[in-house]
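J.: Shown below is the structure under consideration.
Bear in mind that the values in this text are calculations on the coordinates, not laboratory data. Please read all numbers here as calculations on a predicted model, not as lab measurements. In this analysis, Cβ positions are derived from the backbone assuming ideal geometry, glycine residues included, and neighbour counts consider all displayed protein chains.
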Amino acid sequence: MKSYFRVILGAKSIYAKECYDGNFIGAHYGINQDLTKELPENWRDFNAKFRDIWLQLHPNKTKVAAGLACGMLWTVCKGIKKGDVVICPDGLGSYYVGEVISDYSYQPNTNLPHRRSVKWFPVFIERSAMSQELKNSTGSTGTIANVSQYADEIEKLIGNVKPPTIVSNDATVEDPSVFALEKHLEDFLVQNWKQTELGKKYDIYEEDGVILGQQYPSDTGPIDILAVSKDKKILLVVELKKGRVSDNVVGQIQRYMGYVKEELAEPNQEVKGIIIALEDDIRIKRALSVTNNIEFYRYQVSFKLFKN
């Protein structure tokens, strides 16, 4: 099943036209070597080798920034599969759309040497035609954003209309309609973070004014939100669950926290976790009662109607 990725081609899409004319997408990240024999199936193995190389090239950056950079480079080179669809902003309010048709290749002494060939479609997506939710996701920071949850909308925008469906692939969600209603919880929380209780103590992880902590990749799946305390002493893993959840979310967030502790935390930092869901139950309460570094928060959604 094909996936859909938003790919930014250079800072502020400076190389978008070059990539469109040359039928490719690409990345750089300062890694000037052929990666053909350096692309394992598991991106963590790639990060383990190239994170230190990246940090040597960027000595003032953190492990968090290095992990994200290497993860995105691996995604461009290996994670995106042949047949996947990429949408790339042109810097002028529209998006090029195309299908990835080749494996990785290396073109030294170019702006974006790590490349994949693309067959561009004869159509553009205007940002103004997107739903607000798709605008939010395609406007997220970072080179790569997986926007597969908006596959139906993207296909409609490029002329391949599919029937609408409400589907949840999350086994812990009991009501797919609730999942559909709440699927934009993450974007809302990120946009309103500073007004929340969590925003008083934590900031979503960012560097140089760019948010890095939304959908931060780990070896067991993306972390919904990675935050850091204002005194930099705590890294916080936030797991958002739509609707009613089961106690297996505790094991899930612990896996993410373990990754952050082992791979990202500095020696003087501790790791904590927060689960945010519509409601808890006795199973989650029991599971959390024996942990001292994970908290549970409930969210509420309200609608107001105003008569004109």
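J.: For the chain, build the charge dipole from Cβ charges (+1 Lys, Arg; -1 Asp, Glu) around the Cα centre, then report which of V147, I101, G209 sits farthest towards its positive end.
T.: Final value for the positive-end residue is G209.
J.: Also, I was wondering about something else. Can you give the net charge of the other residues whose Cβ lies under 12 Å from the Cβ of K233, counting K and R as +1 and D and E as -1? Mind dumping the intermediate values first?
T.: Working: positive: K201, K230, K232, K272; negative: D231, E266, E270.
Combined, the nearby Lys, Arg, Asp and Glu give +1.
J.: Across 20 Å bins from the origin, how do the percents of Cα pairs in the chain run, short distances first?
T.: 30, 58, 11, 0
J.: Continuing with the same structure: For the range 176-298, just the Cα set please: Rg and Dmax, both in angstrom.
T.: Rg then Dmax for the range 176-298, in Å: 14.0, 43.
J.: Follow-up question, since we're still on this one. Between K12 and N192, what is the label-to-label distance in nm when each label sits 7 Å out along the Cα-to-Cβ direction?
T.: Going by the 7 Å Cα→Cβ label model, 3.2 nm.
J.: Restricting to DSSP H runs of at least four residues, report the calculated mean residue ellipticity at 222 nm for the chain, -39500 (n - 2.57) per run over all residues, nearest 500 deg cm²/dmol.
T.: On the way: 9 runs with 81 residues, N = 308.
Theoretical 222 nm ellipticity from helices: -7500 deg cm²/dmol.
J.: For the chain, what proportion of DSSP beta bridges, expressed in % and rounded to the nearest 5, is antiparallel? The partial results should precede the final answer.
T.: Numbers: 31 of 48 bridges.
Of the beta bridges lying entirely in the chain, close to 65 percent run antiparallel.
J.: Now a separate question. In nanometres, what is the gap between the two model label sites at R286 and Q149, each 7 Å from Cα along Cα-to-Cβ?
T.: 3.0 nm
J.: I would also like to ask the following. Which value, in debye to the nearest 20, gives the size of the charge dipole of the range 4-157 about its Cα centre, when Lys and Arg are +1 and Asp and Glu are -1 at the Cβ? Don't skip to the end; give the middle numbers.
T.: Values: 18 positive and 16 negative charges, 78 e Å.
It comes to approximately 380 debye.
J.: Something else now. When each pair of different Cα atoms in the range 229-283 is counted once in the 1/r mean, what is the Kirkwood radius in angstroms, to one decimal?
T.: Details: mean 1/r = 0.0824 Å⁻¹.
So the Kirkwood estimate lands at 12.1 Å.
J.: Whole-Hz Karplus ³J(HN,Hα) for the range 26-33, in order, using 6.51 cos²θ - 1.76 cosθ + 1.60 and θ = phi - 60°, x for Gly and Pro?
T.: For the range 26-33, the Karplus curve yields x, 8, 10, 6, x, 8, 9, 7 Hz.
J.: Sticking with this one: Output the Kirkwood hydrodynamic radius of the range 4-157, Cα pairs only, in Å rounded to one decimal. Before the final figure, lay out each step's value.
T.: Details: mean 1/r = 0.0632 Å⁻¹.
Mean inverse Cα-Cα distance, inverted, gives 15.8 Å.
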